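Since the structure comes first, as structure tokens, the remarks are kept for the end.
Since every read-out is calculated from the coordinates, none of them should be taken as a lab result. Just so it is clear, the structure is predicted and the values come from calculations on it, not from any experiment. Methodologically, a virtual Cβ is constructed for each residue, glycine included, from the backbone with ideal geometry; neighbour enumeration extends over all protein chains shown.
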Amino acid sequence: MTAITVGTRPSAAEPPARVSPQRTLRHGLTLAWRNVAQLKHSPEKLLDTTLMPIIFLVMFLYVFGGAVAGDTHSYLQQLLPGLVAQMAMFATMGLGTALNEDIHKGVFDRVRSLPIARSAPLIGTVLGDTVRFFTVMTVLVGFGSLLGFRFHTDPLSVLAALALAYVFYMAVCWISVLVGLLAPTPDTVQGLSLIWVMPLTFGSSVLVQDTSTMPGWLEKWTSINPVTHLADSMRALMVGGPVGNHVWYTLAWALGIVVVTFPLAMRMYSRRT
């Protein structure tokens, strides 16, 4: 009798031990398209993204405009770039909630059965969610222009400002991913997100360009706050003025956030799924 030796081979459902960065990005883009395709069938998911920037702009402009800058037109020039920076924070909150809901529904259990890179589901979630922030920037700049906002720099500087906000948003998304993985239920994600979003957004130069009137401890906080550097960078690139080191500080913060949160998110992702 001839003995038949059956060799062990990895299951087709198991992801390869090593996946090249190119394949990882391709897998992530494929899963990102899944999230974008869902918006075609459920466009109401963009409703909050469309209305929130309009509400913030109208509310802050007409409540604080006269008190801060003397008139609403002058205040609009410094407010709108700051609001783009603020929305880079607020727009990420829905990402953590949606991620937590997908985990509870078993979506990621099905995705992990595919022969894809281990990080692809999270990368796809972040890349797919960027459509929301692109919508936010379009609505905010478009509606602000209707109210009288005008760019005072060249088109290349404006594109650089929006690209900087986009890069920072992508970095902050990983904080939201981590919160979504840590939170026990989707209902708790929003509450946990507000704990870190509110101090960063309202304890910054988003609403007031001159922070010298703040108490000493708050002024020091705003000086190191990454949202302050983003807001000041966007004002300089969109309206004019010295850019200084704000752009480099913003990029350094973005890189630091990704370096810290991405490995933690991957570890939590392995534990949750």
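Brief remarks on what is shown
- Selected from 216, 180, 65 as most flexible by GNM, with the chain as the system and alpha-carbon contacts under 10 Å: 216
- Highest-fluctuation residue, 59, 238, 87 considered, GNM on the chain with Cα pairs under 10 Å: 59
- In terms of packing, defined here as the mean over residues of other Cβ atoms within 10 angstrom, the peptides 125-131, 247-253, 95-101, 144-150 line up highest first as 95-101, 125-131, 247-253, 144-150.
- Proxy reagent accessibility, fewest Cβ within 10 Å first, across 48, 187, 232, 102: 187, 48, 102, 232
- Sequence-distant contacts, meaning Cα pairs under 8 Å at least 6 residues apart, place the relative contact order of the chain at 27 percent.
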